[in-house]
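Here's the structure, in C-alpha cells; my notes come after.
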Amino acid sequence: MWIGQAFYGIDIREYGSGNAGATNTFRVLGKKAGIPVMLIDILKGWTATNLAYFIPMSLVGNHHSIIFTNYELAFGITAVMGHLFPVFAGFRGGKGIATLFGMVLAIHLQAALLCVFVFILVLLITKYVSLSSIMAGFMYPIAVTFVFPVYIKSVVIYGMCMCILILVTHQKNIERLLKGKESKVNLFKKKTA
C-alpha cells in the first residue's frame, strides 16, 4: 500500500483483487513494485520471529528450548496479525502468505524450503498463485510432523492453525477456484513491442 501510494500515487487496495499484499502488487503495478513488497513482507515475518534472540538466555534457556520456540511463534504471529490487520492502514492488509513464509523461514528452514518447492511446482502446473499458496501452507504441518519431525508440539499446532488462517484469508479465492473464475498468472509472458 505504501509503495503504491509513494511511487505510483494509487492505493493498491482499490485495484485488482483489492488486497494490499504482494500478489496484487505484482498484478497491478508489476514486478518493479511486487518484488520489493514481497521481500519486505518476508523480512517482516523473519525479523519479528528472530526478535526472540534478544530475550535474555536466563528467561528462555537455550535457543532450542520450548520456551524460546514459543517466543519465536508469538513474535511471528504478531507480525502476521499486523500484516492482516495493519493499524496504520485502516486494518485492511494483505493475506499474510509472504509474512507467514518469513516466519516459517526463521523457525524451520528445511520445512520452509519444502513449502517453496510445493509453491513453485503448483504454480508451474496450475498458474494459480492462490492455490499455490494454499498448498504450500498445507505442506508446512506435514513437513514438521512427518518429513522433518519437530518434537515441540506448539510448532505442529501452529502449522495446523496456519492452515486454518490460510483457508480463511483465501475464502474468496477458493470460491473463484471452484467456479473456474480465479485469475491465472502468465509466468513467461513476453513483452510485445
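The values are calculated or read from the model by the stated rules, or taken from the named source; none is laboratory data. This one's a predicted model, so the numbers in the text were calculated from it and none came from an experiment. Don't worry about glycine lacking a Cβ; one is built from the backbone with ideal geometry, like all the others, and counts go over all protein chains shown.
Observations, loosely collected:
- Considering each residue of the stretch 86-107 in turn, at least one proves to be under 22 Å from residue 35 (Cβ atoms), surrounded by fewer than 19 Cβ atoms within 10 Å (Cβ to Cβ), of a type in the set (A, V, I, L, M) and at pLDDT below 95.
- Counted residues, the stretch 114-156 - those being touching a residue at least 24 places away in the same chain (Cβ under 8 Å), closer than 20 Å to residue 69 by Cβ, part of a helix (DSSP H, G or I) and of a type outside the set (Gly, Ala, Ser): 7
- Answer residue from the stretch 11-25, given it is hydroxyl-bearing (Ser, Thr, Tyr) and assigned to a helix (DSSP H, G or I) and is farthest from residue 177 (Cα to Cα) among those: 25
- Among the conditions (1) surrounded by fewer than 22 Cβ atoms within 10 Å (Cβ to Cβ); (2) in contact (Cβ under 8 Å) with a residue 12 or more places away in the chain, residue 6 misses just one, which is (2).
- Some residue of the stretch 143-150 being crowded, with 22+ Cβ neighbours inside 10 Å and under 22 Å from residue 83 (Cα atoms): no
- Test: residue in the stretch 19-39 that is at pLDDT 85 or above, closer than 25 Å to residue 74 by Cβ and surrounded by fewer than 16 Cβ atoms within 10 Å (Cβ to Cβ): yes
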